[in-house]
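Have a look at the structure below before the remarks.
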Amino acid sequence: MKFLIDAQLPRRMVGWLAGSGGDAVHTLDLPAGNRTPDDVVIDTAEREQRVVVSKDSDFVTSHLLAGRPSRLLLISTGNSSNQDLERLLVPLIPDLIREFGSHTFLELDRTGIIIRA
């Protein structure tokens, strides 16, 4: 499974996902870095068949109204430390990968995975 991690999430998330067998890039890896506009993030994710991982509700609106990005993981943990995010996310990566086999929109909150679409 391939992921594109948006600007407001830590770059170290690339390693968490890669360590669990995923392929991940961060917006910092794109030419415009964290200033990459949402439409370019979506275009890149679609071209490279990546799941967009973001806290940004604009991606939710775009996914629901236009089907772009085609796969989205919304992180809705609120303000939490990178360490808390890692403790929550890493054990759930295999479940996220499995759920993206049949779903296009998942949310991760402090309680776990929520299937949205």
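The values are calculated or read from the model by the stated rules, or taken from the named source; none is laboratory data. For clarity, every value in this text was computed on a predicted model and none was experimentally measured. Because the Cβ atoms are built from the backbone with ideal geometry, glycine has one as well, and the counts that use them run over all protein chains shown.
Quick check, is ASP95 part of a helix (DSSP H, G or I), closer than 14 Å to MET1 by Cα and either at pLDDT 95 or above or β-branched (Val, Ile, Thr) (or both)? Yes. Is it the case that LEU106 is in contact with a Ser or Thr (Cβ under 8 Å, 6 or more places away or on another chain) and either modelled with pLDDT of 95 or more or in a helix (DSSP H, G or I) (or both)? No; evaluated as a whole, the condition is false for this residue. If you check LEU72, LEU9 for being surrounded by 14 or more Cβ atoms within 10 Å (Cβ to Cβ), at pLDDT 95 or above and in contact with a helix residue (DSSP H, G or I) (Cβ under 6 Å, 6 or more places away or on another chain), only one passes: LEU72.
The condition of being acidic (Asp, Glu), within 12 Å of the chain's Cα centre (by Cα) and farther than 16 Å from PHE100 by Cα holds for only one of ASP6, ASP43, ASP23, that being ASP6. For first residues located in segment 52-71 and under 17 Å from LEU96 (Cβ atoms), partners that are in a helix (DSSP H, G or I) and hydrophobic (A, V, I, L, M, F, W, C) and lie 6+ apart or on another chain with Cβ distances below 6 Å form the pairs VAL52/ALA45; VAL52/PHE59; PRO69/ILE42; PRO69/ALA45. All of PHE59, PHE100 fail the test of being aromatic (Phe, Trp, Tyr) and either under 19 Å from GLY21 (Cα atoms) or loosely packed, with under 15 Cβ neighbours inside 10 Å (or both), apart from PHE100.
For beta carbons closer than 9 Å, sequence separation of 6+ or different chains, a first residue in segment 22-44 that is at positive phi and a second that is among the aliphatic types (A, V, I, L, M) and not in a helix (DSSP H, G or I), the qualifying pairs are GLY33/ALA7. Which of the residues belonging to segment 77-89 are of a type outside the set (Lys, Arg), out of contact with any Leu (no Cβ under 7 Å at 6 or more places or on another chain) and either closer than 26 Å to ARG47 by Cα or loosely packed, with under 13 Cβ neighbours inside 10 Å (or both)? Those that are of a type outside the set (Lys, Arg), out of contact with any Leu (no Cβ under 7 Å at 6 or more places or on another chain) and either closer than 26 Å to ARG47 by Cα or loosely packed, with under 13 Cβ neighbours inside 10 Å (or both): GLY78, ASN79, SER81, GLN83, ASP84.
Exactly one residue among THR27, THR61, THR36, THR44 is of a type in the set (Val, Ile, Thr) and closer than 15 Å to GLU107 by Cβ, and that residue is THR61.
Under the condition of being farther than 20 Å from SER70 by Cα, acidic (Asp, Glu) and part of a loop (DSSP other than H, G, I, E, B), the residues counted in segment 1-39 number 0.
For ILE42, the test of being assigned to a helix (DSSP H, G or I), touching a Lys or Arg at 6+ places or on another chain (Cβ under 6 Å), modelled with pLDDT of 95 or more and of a type outside the set (S, T, N, Q) is passed.
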